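Take a look at the structure below.
Just so you know, all these numbers are worked out from the coordinates, no wet-lab data involved. Keep in mind the model is a prediction, meaning the values are calculated, not measured. Cβ sites come from the backbone with ideal geometry, for glycine too, and all protein chains shown count toward neighbours.
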Amino acid sequence: MRIKSLLFLFVLTCLTLQAQQKKQISPDLIGVFFEDINYAADGGLYAELIQNRSFEYNPAERKSWNSFTAWEYVTEGYGYGNISVETSSPVHPNNPHYVVINVEETGLNGIGLKNQGFDGIPVKAGEKYQFSIFLKQLEGISIPINVKLIGKKGTVLGEVSFNSDSKEWKKYQSEITVSETQDSASLLVLAKGKGKIAIDNVSLFPQNTFKNRSNGLRADLAQTIADLKPKFMRFPGGCLVHGDGLGNMYRWKNTIGPVEQRIEQRNIWGYHQTAGLGYFEYFQFCEDMGAKPLPVVPVGVSCQNSGGTWRIGGTGQKGIPQAQMPDYVQEVLDLIEWANGPVSSTWGAKRAEAGHPKSFNLEYIGIGNEDKITPEFKERFKMIYDVVKVKYPHIKVIGTVGPAPDGDDFEQGWKFANQENVPMVDEHYYMKPTWFIANQKRYDTYDRTKSKVYLGEYASQGNTLFNAIAEAAYITSLERNGDVVQLASYAPLLAKAGHTQWNPDMIYFNNTSIYKTPNYYAQQLFSVNHGDSYYQNVIAPVTSRADSTMAYSCVRDSKSGDVVLKLVNCGKTAQKFKIDLSQFKNLGNKAIVSVLSGAAEAKNSFENPNNIAPVISDFKAGKNFSYNVQPISLTVIRVKSTK
Ligand code: AHR
């Protein structure tokens, strides 16, 4: 009897130990953070090639900007007349400015407008471009319109001609095939008949957008993001969400429907936002990548830094007046209905109208971004959260805890979230690489019964390999704590050369090229090699100097059955790890090893985009083996299942 109970106790202890050594972790851990910062949307991911297409640029955005920014009045063949900007009878009141061309004499080529695009219009030989324009004949009879893409030396690269034929606003669309590759073409729109014609919403898209979507995304850039295989995408920001003053908040309803009816506005980062890349396009992109959508809506207060020296017209943190809050709360509920509701619902019908009758399966929603935790904030957060959790109990609401890993807003934000039982909070920090190496134990002691964590924005301050390796070491700690850290996204994602407000970023691009930083590769190696359970007792450093410069994790992906080992060495000498895979069933010895390594200060650039990139090779893994990892490196060993 005694022996029996001892045996029972022994088995129980073994099982408990084993259970402690294995735990379920979030399957959604690694995602991406998209913010329209650094020209990430207009002039970036959004494939529109015409800048200021609807003449809405204005001096409140930049002192030197107006309706003609990026446009030029052209009278090349001795024609004459005049042009003016008008607002009396627009295509849509949300898009008030348009241009009127009054042709008095057509000359040889007519008169019109030339657009320079965003730093030029890049075109490729043999490819098709979708041109569209809204026209309204104001005086005279039908006017012949000639549209040309021209190269730097005036060569015509492709053109199309048609006649205006309506006294009301009408959309004309044509395809232009380009004969020659040019990085910096311009688009000419010429009126070749006497009379007065109004023009608006001049648009040119490559036919080859990501997944061939209309009003789509730049294919190469979108593919670079999709190659990260993110489990979720957060959008549209960042500070962009809560805006520079109350009137500048990102309001999702302004960004859906026909593009010419969307409300354009000043971007908090100091440029223009057409909202052409709006909520429908964000959700569609998520679906196309297989990532869960994670929209973040304002909590009903503006950014506390509104009106800083580099921002115009802001007011500090201001709350939406109480009388308007019920409507605002409804706006958030409408978003959930728009994303998930049946086509018979008011907002589900609008999603269907836009071409997506099926639900977008929204699961997460962020409420607020880095807001100062004030009574105004708390009051408004509660108003929204209390209603969302009752009406949509399955939606995981994510609260906000300030812009830093500690401090007043962090503490107050956490206190408030725990008090309100908010399912998850959004932590942000941009720190030195050494901070990431030193703070790998941060989440080990987080209370598992409290709100979970979305590490919504983080980056070590730089784009060297050392930065990426420090981040990799930290991500092993996120995997180890994947029961409390549910989601994590590096920030910011994109930056356009010459238009970068924030460094470092993950992906740099110009009109024709892209380079991935070492930080990108670190993210990618974790994302494509994610798992849903974590194992404690598989890897052990061999050296006596097992300090925080050595980091490691072991996960298993239940779908494939593969076991993935990540070994990180932030130090200057090679290190050895011992691996014991004996506990795993259905595991062969076939493995794939990916190594990201090099000189600590090495970077990628437009000139040398592949200076740092993972090197992939095959490997034979035994049940027990040791592995030597190079200095400043991340090694990922994926041991294949035999299932
Ligand atoms: O990622 C850039 C900015 O950093 C975000 O807009 C903001 O949330 C944070 O301060």
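Odds and ends about this structure:
- Other residues whose C-beta falls under 9 angstrom from the C-beta of SER26 contribute a net charge of -1, scoring Lys and Arg +1 and Asp and Glu -1.
- Degrees between helix 518-528 axis and first principal axis of the chain (Cα, 0 to 90, nearest 10): 70 degrees
- Shape of region 71-206, Cα gyration tensor, a/c cut at 1.5: prolate
- Three-way shape label, the chain, alpha-carbon gyration tensor, a/c 1.5: prolate
- Pairwise FRET efficiency - GLU175 versus PHE68, Cβ, R0 = 25 Å, nearest 0.05: 0.35
- A Förster radius of 45 Å, combined with the Cβ-Cβ distance separating ASN608 from ARG251, puts the computed FRET efficiency at roughly 0.60.
- Prolate/oblate/rounded label for region 536-643 (Cα gyration tensor, a/c 1.5): oblate
- Sequence-ordered 3J(HN,Hα) estimates for region 168-173 from the Karplus curve with 6.51, -1.76 and 1.60 and θ = phi - 60° stand at 10, 4, 9, 8, 10, 9 Hz, glycine and proline given as x.
- Cross-link pairs exceeding 31 Å in C-alpha to C-alpha distance, out of LYS372/LYS452; LYS136/LYS292; LYS253/LYS516, comprise LYS136/LYS292; LYS253/LYS516.
- Here's the list of aspartates and glutamates a cross-link from LYS391 could span, going by alpha-carbon distance under 15 Å and ignoring same-chain residues fewer than 8 apart: GLU331, ASP334, GLU337, GLU363.
- Between the helical axis of 2-21 and the longest alpha-carbon principal axis of the chain there is an angle of about 30 degrees.
- Which listed pairs, of LYS23/LYS576; LYS148/LYS170; LYS231/LYS378; LYS23/LYS559, have C-alpha distances above 23 Å, in listed order: LYS23/LYS576; LYS231/LYS378
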